[in-house]
Each structure stands twice: as C-alpha cells, then as structure tokens.
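Everything below concerns the one structure shown next.
The values are calculated or read from the model by the stated rules, or taken from the named source; none is laboratory data. No experiment lies behind these values; they were computed from the predicted model shown. Cβ: placed from backbone, ideal geometry, glycine included. Neighbour counts: every protein chain shown.
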Amino acid sequence: MNSLPLTGRTIVITRALAQADEFAHELERYGAQVIACPTIEIQELDDYQRLDEAINHLYGYDWLVLTSVNAVNYFFKRLTALGHDAASLDELKVCVIGEATAERLGDLKVHVDVIPDDFKAEGVFSALERFIGGIDAFKSLNILLPRASVARDFLPKALEEAGARVDIVPVYRTALPDKLDRGRVAALLSGGADCIAFTSASTVRNLAQLFDTQDLSTVLSGITIACLGDITSQAAAQFGLKVEIQPEQSTIPFLARAIADYFKQT
C-alpha cells in the first residue's frame with residue numbers, strides 16, 4: 001500500500017488557534033502530524049466608536065469591502081449589537097477577498113458582487129475597476145473598508161488616488177499571543193519539525209518578534225518554509241527565510257496540497 005505523501009512528516013502551523021482546525025485537517029488528510037504553534041491572536045478592539053458610527057450611517061456608502069473572514073465576523077458582531085441585520089447591507093455593493101470570506105457572508109445571507117481572482121490588494125482594485133466600468137467611475141464612490149487595525153495601505157491609497165472616498169475602519173487587531181513561550185517554541189522547532197507554514201505576514205513578523213531577531217534563518221534552520229500568498233512570502237524573505245512552498249492559489253486547501261506535493265517529490 002502506498003503511504004500518504006506527508007506520512008512521517010511534522011508540519012508546524014502558525015495560524016491563529018481559532019482558525020487552525022481547517023488547516024490541520026487538510027494536512028492530516030495527507031498523513032501529516034500537525035503541531036499548532038499560533039504566532040498570531042485575533043483580538044477585539046478597546047473602542048468601537050468609529051465602527052459603530054460607520055454602521056449607523058451605512059446609507060452613506062456605495063461599497064463594502066471585506067478582506068477576510070475575521071473582518072466579516074467582527075463587523076457583523078457589531079452590526080448585530082447595534083440592532084441591525086444583514087438586510088442593512090441590501091443597498092450596498094459588496095466586494096470580498098477569498099472564497100472563504102464569500103462563504104461566510106453566504107452563511108449570513110449577504111449578497112456578494114465581486115470576488116477578485118487575485119487575493120492581493122492590487123487584484124481587488126483591478127476587479128473593482130472592471131466591475132464599475134473604468135477608473136473614472138471611482139470618483140463618485142464612497143467605500144467602507146473594515147479591516148485589521150494594521151494592514152497594507154495599497155488598496156485604500158489606490159482607491160483614493162482614483163477619486164473614491166474611503167473610510168478605513170478597524171474592526172479587530174492582531175497580536176502576539178500572551179501565552180506563547182519562546183523556550184517552548186524553540187524546543188518545538190528543534191524537535192524534528194519538517195516544515196513550518198506561515199499564513200500571513202503577521203505570523204512571520206510575530207515569530208521574529210518572539211525571538212527578538214531580524215533573521216529567522218537560524219531559528220528555522222533545516223525546516224522547510226511554506227507561505228500562503230506573495231505578501232507572506234515577501235515578509236519571510238525580509239526575515240532571511242527561503243520560501244520553498246507557495247501555492248498558486250492563496251487558500252488553505254491549496255497550501256496543504258502544495259506542502260504534500262513538495263514532500264512527495266523529496
């Protein structure tokens with residue numbers, strides 16, 4: 001009987017603990033032993049005044065752009081807390097990044113108008129431009145962009161430069177988990193891990209922060225590096241890592257498959 005491609009392989013995943021199960025299950029399907037080492041934690045904000053104001057004035061927006069499942073979950077948590085429901089979004093056009101984000105909105109009975117093929121901010125801008133009929137059409141648009149408190153500036157800047165009015169509203173924040181212990185992580189990484197998978201730039205930066213280093217190559221010596229998406233791979237390179245695995249599509253199932261394919265050939 002042929003063994004599964006990841007049989008005997010140990011894969012470390014750095015995704016937030018609340019979102020690690022899907023990734024773990026995908027890897028286990030290929031025979032991997034999975035160790036969760038979340039280097040990122042999704043946290044509520046201390047103050048939701050800006051978000052609440054935006055939700056109470058949804059009639060002033062033309063578009064809602066949601067870049068992640070986390071953005072959807074935290075946005076809807078406040079929407080519900082303020083006495084609104086999915087019907088409040090009926091008059092808005094909705095753009096989302098990723099099938100998982102679209103599926104989450106589907107669960108919440110919210111329509112989706114645009115799902116870019118390219119998950120990067122550049123791809124979102126291009127998809128919106130095509131949908132509205134050209135760059136000049138941005139000049140009349142008011143766009144609500146709920147997202148993490150720290151995120152790339154390309155999309156809002158590009159939209160504003162095209163003439164749109166963009167409200168960037170933080171709905172959650174990411175942080176290094178309080179319980180993450182440097183000594184334990186070091187022991188885990190030196191204990192036979194074959195691969196470590198980073199799912200966002202923050203997961204890379206936070207690991208570097210934990211080890212107080214700008215060069216993770218020594219910390220992760222001998223471990224294959226897998227990254228989800230160009231931005232994550234760029235962050236890994238900035239911290240001295242050589243990325244061996246990056247799937248063509250930036251989704252968790254494709255990342256798991258890419259890891260399996262890599263080790264099948266080694």
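Check THR39, THR14, THR10 and return the single one that is surrounded by fewer than 20 Cβ atoms within 10 Å (Cβ to Cβ) and either touching a Pro at 6+ places or on another chain (Cβ under 9 Å) or among the polar types (S, T, N, Q) (or both).
Step by step, each of THR39, THR14, THR10 is checked, and only THR10 is surrounded by fewer than 20 Cβ atoms within 10 Å (Cβ to Cβ) and either touching a Pro at 6+ places or on another chain (Cβ under 9 Å) or among the polar types (S, T, N, Q) (or both).
Residues that are not aliphatic (A, V, I, L, M): which strands (runs of 3 or more DSSP E) entirely in the range 11-119 hold 2 or more of them?
Output list reads 41-43, 93-96.
Tell me which residues, restricted to the range 143-163, are under 24 Å from LEU45 (Cα atoms) and more than 16 Å from the chain's Cα centre (by Cα).
Of everything in the range 143-163, those that are under 24 Å from LEU45 (Cα atoms) and more than 16 Å from the chain's Cα centre (by Cα) turn out to be ILE143, LEU144, PRO156, LYS157.
With respect to LEU188, is the statement that it is touching a residue at least 40 places away in the same chain (Cβ under 8 Å), hydrophobic (A, V, I, L, M, F, W, C) and surrounded by fewer than 18 Cβ atoms within 10 Å (Cβ to Cβ) true?
yes
When you check ARG147 against the structure, is it out of contact with any Leu (no Cβ under 7 Å at 6 or more places or on another chain), basic (Lys, Arg) and modelled with pLDDT of 95 or more, yes or no?
no
Conditions (1) under 23 Å from the mean Cα position of the chain (by Cα); (2) closer than 25 Å to VAL150 by Cα; (3) in a helix (DSSP H, G or I); (4) modelled with pLDDT of 95 or more, marked per residue:
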| site | (1), (2), (3), (4) |
| --- | --- |
| PRO177 | yes, yes, no, no |
| LEU180 | yes, yes, no, no |
| ARG184 | no, no, yes, no |
| ILE196 | yes, yes, no, yes |
| ASP212 | no, yes, no, yes |
| LEU216 | yes, yes, no, yes |
| LEU220 | yes, no, no, yes |
| ALA256 | yes, no, yes, yes |
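Report yes if some residue within the range 51-61 is within 20 Å of VAL204 (Cβ to Cβ) and not basic (Lys, Arg); otherwise report no.
no
Here are ASP85, ASP113, ASP117: which of them is over 27 Å from GLU160 (Cβ atoms) and surrounded by fewer than 16 Cβ atoms within 10 Å (Cβ to Cβ)?
ASP85
Take the residues in the range 150-162 that are more than 27 Å from THR203 (Cβ to Cβ) and acidic (Asp, Glu); name whichever of them is surrounded by the fewest Cβ atoms within 10 Å (Cβ to Cβ).
The qualifying residue surrounded by the fewest Cβ atoms within 10 Å (Cβ to Cβ) is GLU161.
Kindly indicate the residue of the range 9-25 that is in contact (Cβ under 8 Å) with a residue 24 or more places away in the chain and more than 17 Å from the chain's Cα centre (by Cα) and also farthest from LYS179 (Cα to Cα) among those meeting that condition.
Ranking the qualifying residues of the range 9-25, first place goes to ARG9.
Yes or no: the range 69-81 includes at least one residue that is closer than 30 Å to ASP261 by Cβ and out of contact with any Lys or Arg (no Cβ under 8 Å at 6 or more places or on another chain).
Yes.
Hey, among the residues in the range 224-254 that are free of Cβ contacts under 8 Å to residues at least 60 places away in the same chain and part of a helix (DSSP H, G or I), which one's surrounded by the most Cβ atoms within 10 Å (Cβ to Cβ)?
ALA236
Hey, any hits in the range 127-149 for a residue that's in contact (Cβ under 8 Å) with a residue 40 or more places away in the chain, of a type outside the set (Lys, Arg), exposed (fewer than 15 other Cβ atoms within 10 Å of the Cβ) and in contact with a Pro (Cβ under 9 Å, 6 or more places away or on another chain)?
So far as the range 127-149 goes, yes, one or more of its residues are in contact (Cβ under 8 Å) with a residue 40 or more places away in the chain, of a type outside the set (Lys, Arg), exposed (fewer than 15 other Cβ atoms within 10 Å of the Cβ) and in contact with a Pro (Cβ under 9 Å, 6 or more places away or on another chain).
Do the conditions hold for ILE168, that is, is it assigned by TED's automatic domain parsing to the domain that holds ASN56 and assigned to a strand (DSSP E or B)?
yes
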